[in-house]
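Following: one structure in structure tokens, then a few remarks.
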Amino acid sequence: MTFGKITTDLLAGLGQNIELFLLTLAFALPLGLLITFGSMSKFKPLKYLTKTFVWIIRGTPLMLQLFVVFYIPGLVFGYPMKSRMFAAAIAFIINYACYFSEIYRGGIESIPNGQYEAGQVLGMTKSQTFFRVVLMQVVKRIIPPMGNELLTLVKDTSLARVIAIGEVIMAAERYTARGLIWPLFYTGVYFLALCGILTLLFGWIEKKFSYYR
Amino acid sequence: MAILEVKDLHKQFEGFQVLKGINFELEKGQVMSIIGSSGSGKTTLLRCITQLETADQGMIMVDGSITFDSASKKKLSSEEKRKNQLKTGLVFQSFNLFPQYNVLENVTLAMKLAAERRPDFKENKKEIYEEIDDKAKVLIAKMGLSEKLKNYPCELSGGQQQRVSIVRAMALEPSILFFDEPTSALDPELTGEVLKVIRELAEEKMTMVIVTHEMDFAREVSDKIIFMDQGIIAESGSADDLINNPKTDRLKAFLSKVK
């Protein structure tokens, strides 16, 4: 068992982590904004429904949610999940959308009322004020907490092995079962590399936004 | 005919009466200052006229249009509301410039968004935008801020920011321009440049209503001053009269405190 073989083996596993990461990112970012609008809605039933949903998702382990999404359709409705990656993506997207929604809400609520009032007295509509004035300020403010959350997401993708997705740690565990322990610790390097790239990326984005306060 | 007419205006917040029946009129080209201690209702009055708050009772007429009337059941369409909104301009105490836009963009954003409603917008977009930019540049130059066109608000002094926010309000050509304590957030050495701009606007016969604590400035620039106390107009009159010969005890007490 050569070092090179193990490295490429683990790399194939990491591909699954990256796939799950990108899928979650692509769908949870917009879904999170929808949930934010729900939880900030003036229509009380929608507001409390959304808040209850966010409470349930944030209040239960992601691992449990993975089991629910993967097994419940088959056990209860007789439609077994055909794709493990699809099930994992659904669970991750819903879970992370809820966390993102709270970050968005914090960002939106931190924008001073004066910005909305300035938009109004200048004859702008509510949606013009939100999308042309407020949103960019929200984006700037949520960059640091979003960076944090995405680092957590990178590492959380490993949880998908509980529904037998062959991600990097699972790939390493196959060696452990055969008595080779070091590949398991070696996976840390892969996570460090991914998180390193993300950290650099977020540093760059923060700098891009530093031209205004 | 009066360009601004306010009749029997009432406003309460959670049971607390902030405005208890305000009546006044203002002629076109006149400058009116509103003075009074904090909590007297000055800012609430301004916010009701500029539609940031909805009054509970009374009537407001701006430049021939009734913008608020508690006796009328008629609901205004959003288009009518927007038209009414643009009749009044407001300069905030805390400027409220848009931080992510530079000076020129701050001044032109609302005009460019409004231009999207024009039927010829799609064909002439470029020309329309250029026209708006040119118009804004003229106004910005008038304020002596030509060199700051591409600067962001955080790169400007407080006085410069407030001048930009005055241009931004002026650019939409409101019938009346309102100022809510325009110099209160500024260091004393920066108030002068903002007051100078307002003085110049007064000379050009811009109709203005100014909530201010600068008594000397109010007397110099205003045609008319109203003194508010506990939600009513306790005294009103010409600038010199009101400040030099206060009639009520409350105004006397107020003036002795601020002078």
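Just tell me how shielded A:123-132 is by partners: mean number of partner chain Cβ atoms within 10 Å of each residue's Cβ, no decimals.
Rounded to a whole number, the mean comes out at 4.
For segment A:102-181, what class follows from the C-alpha gyration tensor (a ≥ b ≥ c being the square roots of its eigenvalues): rounded when a/c is under 1.5, otherwise prolate if a/b is larger than b/c, else oblate?
prolate
Do you know the relative contact order of chain B, to the nearest whole percent, from alpha carbon pairs under 8 angstrom that are 6+ apart?
Reported relative contact order: 27 percent.
Under the classification rounded if a/c is under 1.5, otherwise prolate if a/b is larger than b/c and oblate if not, where does the protein assembly as shown fall, given a ≥ b ≥ c as square roots of the Cα gyration tensor eigenvalues?
Because a/c hits 1.5 or more and a/b exceeds b/c, the protein assembly as shown counts as prolate.
What's the average, rounded to a whole number, of partner chain beta-carbon atoms within 10 Å of each residue's beta-carbon in B:150-161?
Mean shielding by partner chains, rounded to a whole number: 1.
So, in Å, what gap is there between the alpha-carbon centers of segment B:140-213 and segment A:64-131?
Here the answer is 42 Å between Cα centres.
Where does segment B:1-99 land on Rg(C-alpha)/(2.2 N^0.38 Å)?
Working it through for segment B:1-99, the quotient is 1.10.
Can you list the residues, at least 5 places off or on another chain, whose amide H is less than 5 Å from the amide H of residue B:67, using H built in the peptide plane?
B:60, B:61, B:62
Residues of A:111-121, mean number of Cβ from any other protein chain within 10 Å of their own Cβ, rounded to a whole number?
6
Below 8 Å, C-alpha to C-alpha, sequence gap of six or more: please give me the relative contact order for segment A:3-208 in percent.
Reported relative contact order: 29 percent.
Which one, A:155, A:51, A:126, has the greatest fluctuation when you compute a Gaussian network model over chain A with C-alpha springs under 10 angstrom?
A:126
From Cα pairs below 8 angstrom and at least 6 apart in sequence, can you work out the relative contact order of segment B:33-159, rounded to a whole percent?
Reported as a whole number, the value is 19 percent.
So for B:135, B:150, fewest C-beta neighbours within 10 Å to most, what's the order?
B:150, B:135
For segment A:3-208, just say rounded, prolate or oblate: build the C-alpha gyration tensor, square-root its eigenvalues into a ≥ b ≥ c, call rounded for a/c under 1.5, and beyond that prolate if a/b exceeds b/c, oblate if not.
oblate
Could you order peptides B:178-191, B:47-60 by the average number of other Cβ atoms within 10 Å of their residues, highest first?
In decreasing order of mean packing, B:178-191, B:47-60 become B:47-60, B:178-191.
Any idea what diffusion coefficient chain B gets from Stokes-Einstein, in µm²/s, Kirkwood Rh on alpha carbon pairs, 4 °C, 1.567 mPa s?
Reported coefficient: 67 µm²/s.
Could you tell me how far the Cα centroid of segment B:12-77 sits from the Cα centroid of segment A:144-213, in Å?
Using only Cα atoms to place each centre, the spacing works out to 58 Å.
Which of the DSSP-defined H helices in chain A satisfy a minimum axial length of 30 Å, computed from C-alpha atoms, and a minimum mean Kyte-Doolittle hydropathy of -1.0?
Helix filter hits for chain A: A:3-39, A:84-109, A:182-208.
Name the helices (complete DSSP H segments) of chain B with a Cα length along the long axis of 15 Å or more and a Kyte-Doolittle mean of at least -1.0, or state none.
The qualifying helices are B:103-115, B:121-142, B:158-170, B:188-203.
Sum -39500 (n - 2.57) across every DSSP H segment of at least 4 residues in chain B, then divide by the residue count to get the 222 nm mean residue ellipticity, nearest 500.
-12000 deg cm²/dmol
Between their Cα atoms, which of A:47/B:73; B:83/B:137; B:28/B:142; B:20/B:87; A:126/B:112 are more than 20 Å away from each other?
From A:47/B:73; B:83/B:137; B:28/B:142; B:20/B:87; A:126/B:112, over 20 Å: A:47/B:73; B:83/B:137; B:28/B:142; B:20/B:87.
Determine the dipole magnitude for the protein assembly as shown: charges of +1 sit on the beta-carbon of Lys and Arg, -1 on that of Asp and Glu, nothing else is charged, the reference point is the Cα centre, and the result goes in debye to the nearest 20.
Using Cβ point charges on Lys, Arg, Asp and Glu, the protein assembly as shown gives about 1660 debye.
Each value in this text was obtained by applying a stated rule to the coordinates, not by laboratory testing. Only a predicted model underlies this, so the values are computations on that prediction, with no experimental measurement involved. Virtual Cβ from ideal backbone geometry, glycine too; neighbours counted across all protein chains shown.
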